[in-house]
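Colleague: Below you'll find the structure I mean.
The values are calculated or read from the model by the stated rules, or taken from the named source; none is laboratory data. Predicted model, so just to flag it, every value in this text is computed and none were measured. Don't worry about glycine lacking a Cβ; one is built from the backbone with ideal geometry, like all the others, and counts go over all protein chains shown. Each accessible area value is taken on the protein alone, full model and side chains, heavy atoms only, with ligands, DNA and RNA left out. Shrake-Rupley method; radii C 1.70, N 1.55, O 1.52, S 1.80 Å.
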Amino acid sequence: MDVLRLATAGSVDDGKSTLIGRLLYDTKSITKDKLEAVEASSQRKGLDFVDLSLLTDGLIAEREQGITIDVAHIYFATDTRKYIIADTPGHVEYTRNMITGASNAEASIVLVDARNGVSEQTRRHLFISSLLEIDHVVVAVNKMDLVNYDQATFESIKANVEGLAEKIGFKGELTFIPLAAKYGDNVVTPSENMSWYSGQPLLQYLESIPVHKRDDALPARFHVQAVIRPHSDEYHDFRGYTGKLVSGSLAVGQRVSVLPSLKESAIKAIYAGDKKVEGAHAGESLSIELEDDVDISRGNTLVPVGVPHQQLSQFSAKLTWMDEQPLTAGKTFLLQHGVNRIKAKLNSFAHVIDMNTIEEKGDVREFKLNDIGEVNIKTAKPIFADRYADNPRNGAFILIDEYSNNTVAVGFIL
Amino acid sequence: MSALNLNKFPRELEHEAIYIIREVAAQFERPALLFSGGKDSITLVQLARKAFYPAKVPFPMLHIDTGHNFPETIEFRDWLAKESGMQLIVRYVQDSIDQGKVKEETGKYASRNMLQTVTLLDAIEELKFDACIGGARRDEEKARAKERIFSVRDDFGQWDSKKQRPELFDMLNGKINVGENVRVFPISNWTELDVWNYIREEGMDIPSIYFSHQREIIERDGLYWPTSPYLNTSEDEVPFKATVRFRTVGDMTCTAAVLSEAVTLDKIIEEIREATISERGARIDDKRSEAAMEKRKQVGYF
């Protein structure tokens, strides 16, 4: 059974909770006691409807303020697959949480209120989906019931979003679905009120998205986490390199190079847990034995011999700043790429994005919390990363503050 | 909908959990696996064994024994430690009571659930653990739904939901300051059904109380409580025998039984799929207030 990781962004006003609640209801993923608890809470708050955001806004601060602050994870399963929804806040001040939630998503749902059309929030959500190179974006035009299920309204929003996507440079697949989540129109079942819409309802579309297709087709990149030496009689000479195959596939017998040493050997055995396997795919945790004793340590990468890779020590990247303290040029950090950490310095700023207009602004002196833009970074030793656009699983990094130890930025290599 | 696929475990979740457990071993000096005797922590043991195969698991299990555990749980714990070759460390809530650090609750809802936090924090300090791996899942409860995989606790073991580190892609940042420690949740993304499907596909052993058996119970607040020397009952709470099993395993004083005839994993899975009550619906400790879990987590509970 496969897993589709999905990101949703938006606020209560867009009907996001109603939509998620609908998906949970209609796939029988919410239990009676949880539902009753939400009903009771809604009543206590004096609401005349069941506020499904109470299901997901689990923190005391969120309940106090009636907003989503942090990413919530919601789970449901159909006969086809398991779904993990990272439900993220829509407000601009929580952009970092939105990126956190969306970073593992293969698809995202951008909600648009049919009455209001494209908003600043729509622009930001689409921009972040594009930044993360999410392959499948569903533009859910919700509250169609409040515009009399009018096709022209839907078409005009569609045209606007398509124009926006082109401006942003979004490269994935855009799918538009007119919805009335409150009544279930086009959520799980086709809408009788919108016979002019010939596409799939939301769930049916989600069921059809291929999973991990892109990661599997890319060149193999195996990030080494540790070396296993059992020192037991039975496994006296065993030396297993544990790690994650972040992209591509590997097979027993294949020749691999170790980065950075460039030493070569052939794969003798691959273990998935305690079982030997002949081949492995993107996303799997493995333990690999090589034919030769090669010096390999944590943070190294194994790649197939003959497949190009790049070595970087000074590079441009898109960066999202996530700390309260502004980022200034010359500051040093620990840069983590995969499991590898290296000292790095922020050389210079190229531009920052104005989130209201999605325009680039030059002459930048600092990045404030939630700023997204382009920077230049220098590392103390080379890293073996791909361009994010070529291989997202090997093209992103985080910056860790050396004093607070906090994760303060995420970067996408250009 | 057919039942075929829903009863298959998504292997991707196992790969994710093994990756996380290996990161713990690599990033921390003194990790421990928090073992409760429940199916989630038994699953963690299975995953840890696979993560380091064919070597031994490079960290111990830590069990905080409240003294109110089901005897079956303790028996299973000792068996699993032996079978897995993992070191087992036990610390007792009774010791914290004897030292005057905590006071036993009184009344008919008295339990040692809150008390074990103190024993746990003391054990972390005594044994200098910098990372504790736990079996909490995000689908269990709404405060847990917001928790990161690597969750930093301050000097006092407290969780600050507003100061959580962003967690991007699969890159885990376990760097901490002296005195801080990290709680790690490798099966964050598993649901109750995922755990059961995994147990079945892996052919794992679990304590016998998860399966249907005859037991003496009382009925209170619409739930079935197992009788034990630790449960304070009133005169009108007359014990009776019933065929039950436990869906979640905590202390005998705060875990309710469900009426069930399920004697096999297949039957248990079928039952869970049809259940209209959530797993923690049978946990009396969660029912104290709407934010009961977040409040306990703030002071260091799992």
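Colleague: Checking B:R11 against (1) of a type outside the set (V, I, T); (2) surrounded by fewer than 24 Cβ atoms within 10 Å (Cβ to Cβ); (3) at the interface with chain A (Cβ under 9 Å from one of its Cβ atoms); (4) in contact with a Lys or Arg (Cβ under 9 Å, 6 or more places away or on another chain), which test does it fail?
Modeller: (4)
Colleague: Hey, does region A:121-137 have a residue that's within 17 Å of A:E207 (Cβ to Cβ), touching a residue at least 60 places away in the same chain (Cβ under 8 Å) and within 14 Å of another protein chain (Cβ to nearest Cβ)? First the steps, then the outcome.
Modeller: Here is the first cut: in region A:121-137, the ones within 17 Å of A:E207 (Cβ to Cβ) are A:135-137.
Next, only the ones that are touching a residue at least 60 places away in the same chain (Cβ under 8 Å) stay: A:135-136.
Subset that is within 14 Å of another protein chain (Cβ to nearest Cβ): none.
No, every residue in region A:121-137 fails to be within 17 Å of A:E207 (Cβ to Cβ), touching a residue at least 60 places away in the same chain (Cβ under 8 Å) and within 14 Å of another protein chain (Cβ to nearest Cβ).
Colleague: Can I ask one more? Any residue at all in region B:153-164 that's in contact (Cβ under 8 Å) with a residue 12 or more places away in the chain and in contact with a His (Cβ under 7 Å, 6 or more places away or on another chain)? So that I can check it myself, show each step before the final result.
Modeller: We begin by selecting, within region B:153-164, every residue in contact (Cβ under 8 Å) with a residue 12 or more places away in the chain; these are B:153-161, B:164.
Subset that is in contact with a His (Cβ under 7 Å, 6 or more places away or on another chain): none.
No; the residues of region B:153-164 include none that is in contact (Cβ under 8 Å) with a residue 12 or more places away in the chain and in contact with a His (Cβ under 7 Å, 6 or more places away or on another chain).
Colleague: Also, quick follow-up: State yes or no: is A:A251 within 29 Å of B:A48 (Cβ to Cβ), hydrophobic (A, V, I, L, M, F, W, C), open to solvent by 20 Å² or more (accessible area, probe 1.4 Å) and touching a strand residue (DSSP E or B) at 6+ places or on another chain (Cβ under 9 Å)?
Modeller: Details: within 29 Å of B:A48 (Cβ to Cβ): yes; hydrophobic (A, V, I, L, M, F, W, C): yes; open to solvent by 20 Å² or more (accessible area, probe 1.4 Å): yes; touching a strand residue (DSSP E or B) at 6+ places or on another chain (Cβ under 9 Å): yes.
Spelling it out, A:A251 is indeed within 29 Å of B:A48 (Cβ to Cβ), hydrophobic (A, V, I, L, M, F, W, C), open to solvent by 20 Å² or more (accessible area, probe 1.4 Å) and touching a strand residue (DSSP E or B) at 6+ places or on another chain (Cβ under 9 Å).
Colleague: Could you say whether any residue in region B:50-58 is in a loop (DSSP other than H, G, I, E, B), at the interface with chain A (Cβ under 7 Å from one of its Cβ atoms), of a type in the set (S, T, Y) and more than 18 Å from the chain's Cα centre (by Cα)?
Modeller: As a first pass, look at region B:50-58 and keep what is in a loop (DSSP other than H, G, I, E, B): B:53-58.
Then drop every residue that is not at the interface with chain A (Cβ under 7 Å from one of its Cβ atoms), which leaves B:53-55.
Filter once more, so that each one left must be of a type in the set (S, T, Y): B:53.
Narrowing the set further to residues that are more than 18 Å from the chain's Cα centre (by Cα) leaves B:53.
Looking through region B:50-58, at least one residue is in a loop (DSSP other than H, G, I, E, B), at the interface with chain A (Cβ under 7 Å from one of its Cβ atoms), of a type in the set (S, T, Y) and more than 18 Å from the chain's Cα centre (by Cα).
Colleague: A:M194 passes all but one of (1) modelled with pLDDT under 90; (2) within 23 Å of A:A107 (Cβ to Cβ); which number fails?
Modeller: The one condition A:M194 does not meet is (1).
Colleague: For the structure I just gave you, tell me whether B:W190 is within 14 Å of another protein chain (Cβ to nearest Cβ), of a type outside the set (D, E, K, R), over 18 Å from B:E279 (Cα atoms) and touching a strand residue (DSSP E or B) at 6+ places or on another chain (Cβ under 9 Å).
Modeller: Details: within 14 Å of another protein chain (Cβ to nearest Cβ): yes; of a type outside the set (D, E, K, R): yes; over 18 Å from B:E279 (Cα atoms): no; touching a strand residue (DSSP E or B) at 6+ places or on another chain (Cβ under 9 Å): yes.
Criteria not met by B:W190.
Colleague: Of the residues that sit in region A:142-184 and are in a strand (DSSP E or B) and of a type in the set (S, T, N, Q), which one is most open to solvent (accessible area, probe 1.4 Å)?
Modeller: Initial filter on region A:142-184 (in a strand (DSSP E or B)): A:142, A:173-178, A:180.
Going one step further and asking which of them are of a type in the set (S, T, N, Q), we end up with A:142, A:175.
Values: A:N142: 5, A:T175: 28 Å².
Here the answer is A:T175.
Colleague: Additional query: Restricting attention to region A:336-351, and to residues there that are in contact with a Lys or Arg (Cβ under 7 Å, 6 or more places away or on another chain) and more than 10 Å from chain B (Cβ to nearest Cβ), which single residue is surrounded by the most Cβ atoms within 10 Å (Cβ to Cβ)? Outline the logic, then answer.
Modeller: Quick first cut of region A:336-351, residues in contact with a Lys or Arg (Cβ under 7 Å, 6 or more places away or on another chain) only: A:339, A:342, A:344-347, A:351.
Filter once more, so that each one left must be more than 10 Å from chain B (Cβ to nearest Cβ): A:342, A:344-347, A:351.
Numbers: A:I342: 17, A:A344: 25, A:K345: 16, A:L346: 21, A:N347: 14, A:H351: 15.
Among residues in region A:336-351 that are in contact with a Lys or Arg (Cβ under 7 Å, 6 or more places away or on another chain) and more than 10 Å from chain B (Cβ to nearest Cβ), the one surrounded by the most Cβ atoms within 10 Å (Cβ to Cβ) is A:A344.
Colleague: For region A:18-41, give me the residue count where each residue is touching a Leu at 6+ places or on another chain (Cβ under 7 Å), within 13 Å of chain B (Cβ to nearest Cβ) and among the small types (G, A, S).
Modeller: Going through region A:18-41 one residue at a time, the tally reaches 1.
Colleague: Considering every residue within region A:185-194, establish whether at least one is over 30 Å from the mean Cα position of the chain (by Cα) and assigned to a strand (DSSP E or B).
Modeller: There is no residue in region A:185-194 that is over 30 Å from the mean Cα position of the chain (by Cα) and assigned to a strand (DSSP E or B).
Colleague: Those residues that are over 24 Å from A:A409 (Cα atoms), open to solvent by 10 Å² or more (accessible area, probe 1.4 Å) and either facing chain A (nearest Cβ under 9 Å) or touching a Ser or Thr at 6+ places or on another chain (Cβ under 9 Å) (or both), I need them from region B:137-175; list them, please. So that I can check it myself, show each step before the final result.
Modeller: Here is the first cut: in region B:137-175, the residues over 24 Å from A:A409 (Cα atoms) are B:137-144, B:155-158.
Narrowing the set further to residues that are open to solvent by 10 Å² or more (accessible area, probe 1.4 Å) leaves B:138-142, B:144, B:155-156, B:158.
Answer for region B:137-175, where residues must be over 24 Å from A:A409 (Cα atoms), open to solvent by 10 Å² or more (accessible area, probe 1.4 Å) and either facing chain A (nearest Cβ under 9 Å) or touching a Ser or Thr at 6+ places or on another chain (Cβ under 9 Å) (or both): B:R138, B:D139, B:E140, B:E141, B:K142, B:R144.
Colleague: Among the residues that make up region B:127-139, is at least one of them outside any helix (DSSP H, G or I), of a type in the set (G, A, S), touching a Phe, Trp or Tyr at 6+ places or on another chain (Cβ under 9 Å) and within 29 Å of A:Y403 (Cα to Cα)?
Modeller: Pass one, region B:127-139, residues outside any helix (DSSP H, G or I): B:128-139.
Next, only the ones that are of a type in the set (G, A, S) stay: B:131, B:134-136.
From the residues that got through so far, the ones that are touching a Phe, Trp or Tyr at 6+ places or on another chain (Cβ under 9 Å) too are B:131, B:134-136.
In the following step, the residues that additionally are within 29 Å of A:Y403 (Cα to Cα) were identified as B:131, B:134.
The answer is yes; a qualifying residue exists.
Colleague: Pull up region A:188-244, narrow it to residues that are of a type in the set (S, T, N, Q) and open to solvent by less than 10 Å² (accessible area, probe 1.4 Å), then point me to the one that is nearest to A:K275 (Cα to Cα). So that I can check it myself, show each step before the final result.
Modeller: Quick first cut of region A:188-244, residues of a type in the set (S, T, N, Q) only: A:189, A:191, A:193, A:195, A:198, A:200, A:204, A:208, A:225, A:232, A:242.
Of the ones still in play, those that are also open to solvent by less than 10 Å² (accessible area, probe 1.4 Å) are A:225, A:242.
Numbers: A:Q225: 19, A:T242: 13 Å.
That would be A:T242.
Colleague: If I ask for residues that are aliphatic (A, V, I, L, M) and open to solvent by less than 10 Å² (accessible area, probe 1.4 Å), which ones from region B:36-76 would you list?
Modeller: Step one: filter region B:36-76 for residues aliphatic (A, V, I, L, M), giving B:42, B:44-45, B:47-48, B:51, B:55, B:57, B:61-62, B:64, B:74.
Residues satisfying the conditions are B:I42, B:L44, B:V45, B:L47, B:A48, B:A51, B:M61, B:L62.
Colleague: Go through region B:77-88 and give me each residue that's part of a helix (DSSP H, G or I), surrounded by fewer than 20 Cβ atoms within 10 Å (Cβ to Cβ) and of a type in the set (A, V, I, L, M, F, W, C).
Modeller: So in region B:77-88, the residues part of a helix (DSSP H, G or I) come out as B:77-84.
Remaining after also requiring surrounded by fewer than 20 Cβ atoms within 10 Å (Cβ to Cβ): B:78-79, B:81-84.
Correct list: B:W79, B:A81.
Colleague: Within region A:363-373, identify whether any single residue is open to solvent by less than 60 Å² (accessible area, probe 1.4 Å), closer than 26 Å to A:S261 by Cα and in contact with a Phe, Trp or Tyr (Cβ under 6 Å, 6 or more places away or on another chain), and answer yes or no.
Modeller: Among the residues of region A:363-373, not one is open to solvent by less than 60 Å² (accessible area, probe 1.4 Å), closer than 26 Å to A:S261 by Cα and in contact with a Phe, Trp or Tyr (Cβ under 6 Å, 6 or more places away or on another chain), which makes the answer no.
Colleague: Let me ask something additional. Pick out the one residue from B:L44, B:L80, B:L34 that is more than 7 Å from chain A (Cβ to nearest Cβ) and in contact with a Cys (Cβ under 9 Å, 6 or more places away or on another chain).
Modeller: Details: B:L44 fails: in contact with a Cys (Cβ under 9 Å, 6 or more places away or on another chain); B:L80 fails: in contact with a Cys (Cβ under 9 Å, 6 or more places away or on another chain).
Only one candidate qualifies: B:L34.
Colleague: Scan region B:110-132 and report the pairs whose first residue is over 24 Å from B:A256 (Cβ atoms) and whose second residue is modelled with pLDDT of 95 or more and small (G, A, S), with Cβ atoms within less than 6 Å and a gap of 6+ or a chain change.
Modeller: Final answer for the pair search is B:F129/B:A32; B:C132/B:A32.
Colleague: So, one more: Restricting to region A:273-327, count the residues that are in a strand (DSSP E or B), within 21 Å of B:E16 (Cβ to Cβ) and open to solvent by less than 60 Å² (accessible area, probe 1.4 Å).
Modeller: Result for region A:273-327: 9.
Colleague: Now for a different question. Taking only pairs six or more apart or across chains, which ones have beta-carbon atoms under 8 Å, a first residue in region A:234-251 that is in a loop (DSSP other than H, G, I, E, B), and a second residue that is of a type in the set (V, I, T) and open to solvent by 50 Å² or more (accessible area, probe 1.4 Å)?
Modeller: A:R239/A:V227
Colleague: Which condition from (1) closer than 20 Å to B:P71 by Cβ; (2) within 19 Å of the chain's Cα centre (by Cα); (3) not hydroxyl-bearing (S, T, Y) is the one that B:A242 breaks?
Modeller: For B:A242, the exception is condition (2).
Colleague: Against the conditions (1) within 11 Å of chain B (Cβ to nearest Cβ); (2) more than 20 Å from the chain's Cα centre (by Cα); (3) buried (at least 17 other Cβ atoms within 10 Å of the Cβ), where does A:I377 fall short? Just the number, please.
Modeller: (1)
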